[in-house]
Amino acid sequence: MLANSINQLITDLPTQIGSDVTAFLSELVLCGTVVALLLGRLLGIDRKMPGHWIAMAGTLIAFGIAFGNVYANGPDAYQVGEDAQLFSGLLVNDGLTVFFRLFLLVFLVLVIALTVLSGIPDNEDGPDFYTLLIGATIGMMLMASANHLLMLFLAVEMASVPSYVMVGFLKGKRLSSEAALKYVVYGAGAAGVMLYGTSLVAGMLGTGQLHLVAEKLRDLLTSEVGVGTDMSTAAVRTIVLGVMMILVGLAFKLSLVPFHFWCPDAFEGAPAEVGGFLSVASKAAAFALLIRVVHQLTGFGDLAVPLAIGLGVIAVVSSTFGNLAAYFQTNVKRMLAYSTIAHAGYMLTGVVAMLVALEDGNQMLATDCVEGVLFYLSVYLFMNLGAFAIVALIRNRTYSEEIADYRGLKNECPWLCVMMAVCLFSLVGLPPLGGFVAKFFVLAPVWEAASIHWSMGVLVGFALLNTVFSLFYYLKVPVAMFIVDRPEDARPARTGSTEAVFVLLLTAPILLLGMSPLISKLSLAAERVAHDTITVPDGARTSTSPEK
């Protein structure tokens, strides 16, 4: 019997690997792009062909493959349950993976284009920078598709290590080196805690696959054998401790309070281009992984609601602290860093409500919660990258990133000022911009979840209160741009038409996602992904989702 099983495994191996590699092709193209960048640097090809051309070409090919697969196959571009597993269950190619794969590739194209316009990095350091940038993106794509505790940790580290170097990429700048050192120290601590947590969970349950971890945890909590004994209680406590340690690592990636200390310093010391990349891509990948992990925690039974309340407290504290601390900042990048902390708190409320809804058995409400988070991230991509892009372009003219040096810019670069106001007001959540619709999509299901547990209503109240708080510090930049006169000795800040067109490309979706049919199209796509992520049991297979 064993010999027959081994022979069958060997016979099926080439076919299985071929199908897995096909589903993993976009990531492999990015890996090939990294190799091409390194070989170009080694062979001197980068002197004739700048690194950004190689990086952009590889990213566009990877995006074309991913988008072509979705366009050609529609809902059949991905699978669900056991059919979606790749490489013996280490990765999964489901709707959530496909969504974030496209998300990260679109974002990578925009970031590379921004670096070309801003001139950071220069041609000499270009291959090194784009190697780090693409390497971090591959790690984030693996985070979105991780289906095993081992891959979870490796993906987080693959995304984090290149980020440490990119933060300190301005080698001659003391502030940049200091920020990178702080980021590395905090990151190493968080990685150690996360690794210990994964070892505890895998060791106690005897498996690392997420769905098997969930099944064995449910068996441990519901089994009549050993319930109430010291052994059972100790096992549950150890597993809960391990899960909490894993969540610490994800909270670090999301810069949630109290794991946020690295974020303001890293954003201030890093180039604005790197700050924009970390503020969006890192958040998106971490939320994809958090949704996967929290989705499995429905087996915690009576522990689910206390865990949800704990995450809710972190969400409230993160939003409140981020908004209050941002008010006192004079540096635009540091202000936007605290803003990202606040927005991570907003999005975390959706994940908290998802956990409460799943524990109550309301899969439709949980689907709406995930849909809201996905929609929010899609809008957040454009409004946050747009703000950082404008900061980078103005920095190239004024050599400053202080709010005081933005005074009177309406006369120098009026279009950039208008688009900066659009980005900031969208971050506040004012209608009719995309940020308003995104907050509605996140908070509406949280409010509905208040019928399950009263604490969800408290989360909505704090989110609305923090929205009012945020208006005061976001207004500081438009006031400086449009109302205060420009000093006579200030540097000229006129920008070219190419820069204005690029920023317009970033801000146009903010308007379209606030008052156009594009809202329903993105909502439908997010709903389909959320439905297949939440409501389909392991081993099932479906290709459609119900209409709302």
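Rule-based calculations on the coordinates, nothing more; no lab input. Given the structure is predicted, the values throughout are model-derived calculations rather than measurements. When we count neighbours, we look across all protein chains shown, and the Cβ atoms used for this are built from the backbone with ideal geometry, even at glycine.
Measure off 7 Å from each Cα along the Cα-to-Cβ vector at ARG218 and TRP53, then give the distance between these two points in nanometres to one decimal. The answer from the label model is 5.5 nm.
In this structure, the residue pairs whose Cα-Cα separation is over 32 Å, taken from LYS182/LYS216; LYS48/LYS253; LYS173/LYS439; LYS171/LYS283, are LYS182/LYS216; LYS48/LYS253; LYS173/LYS439.
Other residues whose C-beta falls under 14 angstrom from the C-beta of PHE99 contribute a net charge of 0, scoring Lys and Arg +1 and Asp and Glu -1.
Before anything else, pin down the relative contact order of the chain: Cα pairs under 8 Å, at least 6 apart, normalised by residue count, whole percent.
Numbers: 855 pairs, mean separation 81.5, N = 548.
It comes to 15 percent, rounded to a whole number.
Using a simple spin-label model with pseudo-atoms 7 Å out from Cα toward Cβ, SER19 and THR207 lie 2.0 nm apart. In plain terms, the chain from ASN411 to GLU488 could stretch by 26.5 nm, reckoned as 0.36 nm per residue minus the Cα-Cα distance.
Rounded to the nearest 20 Debye, what is the dipole magnitude of the chain about its Cα centre when Lys and Arg each give +1 and Asp and Glu each give -1 at the C-beta?
Numbers: 29 positive and 39 negative charges, 271 e Å.
Dipole about the Cα centre, nearest 20: 1300 debye.
Between GLU178 and ALA404, the simple spin-label model (points 7 angstrom out along Cα→Cβ) gives 1.8 nm.
Among 213-219, 160-166, the peptide with the highest mean count of other Cβ atoms within 10 Å heads the list, and the full ranking is 160-166, 213-219. Among [x] 0.97; [y] 1.13; [z] 1.02, only one was calculated for this model; which label is it, if the read-out is Rg/Rh (Cα atoms, Kirkwood Rh)? Entry [x]. Taking other residues whose beta carbon is less than 15 angstrom from the beta carbon of SER279, and scoring Lys, Arg as +1 and Asp, Glu as -1, yields 0.
Net length available on complete extension from VAL458 to LEU512 is 16.3 nm, with 0.36 nm assigned per residue and the Cα-Cα distance removed.
Given 37 °C and 0.692 mPa s, compute D for region 12-168 with the Stokes-Einstein relation, Rh being the Kirkwood radius over Cα pairs; round to the nearest whole µm²/s.
On the way: Rh = 16.2 Å.
Roughly 203 µm²/s, to the nearest whole number.
Look at where the Cα atoms of region 131-198 and of region 305-367 average out, and the two centres are 22 Å apart.
For the listed peptides 503-514, 373-384, a ranking on the average number of other beta carbons within 10 Å per residue, highest first, reads 373-384, 503-514.
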